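Participant: My structure is below; once you've seen it, I'll send some questions.
The values are calculated or read from the model by the stated rules, or taken from the named source; none is laboratory data. Note that this is a predicted model, so its numbers are computed, not measured. A quick note on method: Cβ atoms are made from the backbone with ideal geometry, for glycine too, and the neighbour counts reach across all protein chains shown.
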Amino acid sequence: MENQTATQLFESLASGIRLDAFRLLVKHGHAGLVAGEIASALDIAPNKLSFHLKALTHAGLVSVTQEGRFQRYRANLALMLDLIAYLTAECCSGEPGQCLDARAASSCSAALLPPVSTVTEPKP
């Protein structure tokens with residue numbers, strides 16, 4: 001991922017409503033939600049939500065498919081994981097043992113972190 005792409009993704013999430021909508025869609029995984037369900041869950045007017053969903057879709061963080069009269073939105077989980085990988089690619093300068101304290105203090109799911117077996121003890 002290029003720096004410009006990462007910047008655009010973060011800019012698209014810089015709105016509280018967009019961040020809430022994206023996190024809600026991540027929670028629902030591949031099933032996604034129709035726009036009305038998102039609006040109801042976030043207690044936001046559908047026309048206001050539409051503006052934010054369009055921005056997320058334009059950034060590539062969300063995809064939309066037509067289902068009859070409804071539009072179903074899904075988080076682009078692969079792109080989200082690419083962004084996480086971009087942020088952590090050079091963590092601790094390639095010495096993951098230096099990050100053990102940060103890993104223990106993090107609320108990040110262990111499933112998203114490198115396996116502990118690949119993490120070595122810090123050098124004295």
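Participant: Out of the residues in the stretch 1-20 that are aliphatic (A, V, I, L, M) and free of Cβ contacts under 8 Å to residues at least 40 places away in the same chain, which is nearest to LEU81 (Cα to Cα)?
Facilitator: The selected residue is LEU19.
Participant: Please determine whether any residue of the stretch 87-96 is among the hydroxyl-bearing types (Ser, Thr, Tyr) and either modelled with pLDDT of 95 or more or under 28 Å from ILE38 (Cα atoms) (or both).
Facilitator: Of the residues in the stretch 87-96, the ones among the hydroxyl-bearing types (Ser, Thr, Tyr) are 88, 93.
Now narrow it down to the ones that are either modelled with pLDDT of 95 or more or under 28 Å from ILE38 (Cα atoms) (or both): none.
No, the conditions are met nowhere in the stretch 87-96.
Participant: Just for helices (runs of 4 or more DSSP H) wholly inside the stretch 1-104: which have at least 2 residues that are over 18 Å from the mean Cα position of the chain (by Cα) and surrounded by 11 or more Cβ atoms within 10 Å (Cβ to Cβ)?
Facilitator: Per the criteria, 35-42, 46-59.
Participant: Please go through the stretch 69-96 and give me each residue that is over 20 Å from LEU25 (Cα atoms) and of a type outside the set (A, V, I, L, M), ordered by number.
Facilitator: Passing the criteria: TYR86, THR88, GLU90, CYS91, CYS92, SER93, GLY94, GLU95, PRO96.
Participant: Here is a follow-up. Within the stretch 63-80, can one find any residue that is free of Cβ contacts under 8 Å to residues at least 24 places away in the same chain and over 23 Å from SER12 (Cβ atoms)?
Facilitator: Yes, there is a match, as at least one residue in the stretch 63-80 is free of Cβ contacts under 8 Å to residues at least 24 places away in the same chain and over 23 Å from SER12 (Cβ atoms).
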